[in-house]
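Heads up, the thing below is written out as structure tokens.
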Amino acid sequence: MAKVIRSWTLKNGLKLEAIDLSKNYYGGYWNVKLVVRGKVRVKPSYLEGMITDPLSEEAKEELGGEVEYLRELTKIGVPEDELERVKGELLSHFERNALPYMEHRAFPERFVRRRFEEVLKDVRIRKMREEMDERDL
């Protein structure tokens with residue numbers, strides 16, 4: 001079972017948690033894996049001007065009502081007696097470098113818009129492949 005080892009509530013309302021998925025891989029050595037995750041609600045205003053055709057409507061449906069933020073923090077081959085120190089360093093680095101960016105009031109909208117663009121690209125590629133497959137029949 002994954003254990004939540006730290007959580008944050010940012011100024012913009014975003015809630016994040018870090019879970020520990022570290023595993024012992026050999027003897028006294030570990031693969032440290034911490035996953036930071038959180039959900040960003042998709043507000044209609046975030047996608048204004050982006051829904052311009054049927055494919056973008058489909059992408060909006062696939063995007064859903066919230067978008068998940070996931071970030072893996074890893075270090076391989078950590079001696080058992082250094083586990084807690086390494087986990088602390090990984091989290092501190094994340095807090096110093098990612099949290100200030102994520103805490104900006106515009107982050108949720110920018111994150112949703114970027115994820116929407118990724119989903120729209122996937123939808124377009126899938127539709128092109130379907131059309132090509134139909135032609136080959």
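A short reminder: the numbers here are calculations on the coordinates, not readings from a lab. Keep in mind it's a predicted model, so treat the numbers as computed, not measured. Glycine also receives a Cβ, built like all others from the backbone with ideal geometry; neighbour counts cover every protein chain displayed.
Working note: Cα atoms of region 1-64, range along each principal axis, descending, whole Å: 56, 29, 16. Here is how the number arises for the chain: DSSP H runs of 4 or more residues each give -39500 (n - 2.57), the sum is divided by the residue count, and the result at 222 nm is -14000 deg cm²/dmol. Count Lys and Arg as plus one, Asp and Glu as minus one, and take only other residues whose Cβ is under 13 Å from that of Gly88; the net charge is then 0.
Length gained on full extension, Glu103 to Met50, computed as 0.36 nm times the residue gap minus the Cα-Cα distance: 16.7 nm. Computed about the Cα centre, the dipole magnitude for the chain is approximately 600 debye when only Lys and Arg (+1) and Asp and Glu (-1) carry charge, each at its Cβ. Loop-located GluC sites (Glu not before Pro) in region 40-88 (DSSP state other than H, G, I, E, B) with a sparse environment of at most 10 neighbouring Cβ atoms within 10 Å: Glu48. Local charge for Ile19 was computed over the other residues whose Cβ lies under 10 Å away, with Lys and Arg +1 and Asp and Glu -1, and equals +2. Between the listed residues Val119, Val40, Leu83, the Cα displaced farthest toward the positive end of the dipole of region 3-136, a dipole computed from Cβ unit charges relative to the Cα centre, is found at Leu83. Over region 61-137, the ratio between the Cα radius of gyration and 2.2 N^0.38 Å evaluates to 1.72. Rg and Dmax over the alpha-carbon atoms of region 3-136 stand at 19.4, 61 Å. Shape class for region 75-119: oblate, because the ratio a/c of the largest to smallest gyration tensor axis (alpha-carbon atoms, square roots of eigenvalues) is 1.5 or more and b/c is at least a/b. Structure shown: which of Lys43/Lys121; Lys43/Lys75; Lys60/Lys127 lie over 26 Å apart, alpha-carbon to alpha-carbon? Exceeds cut-off: Lys43/Lys75.
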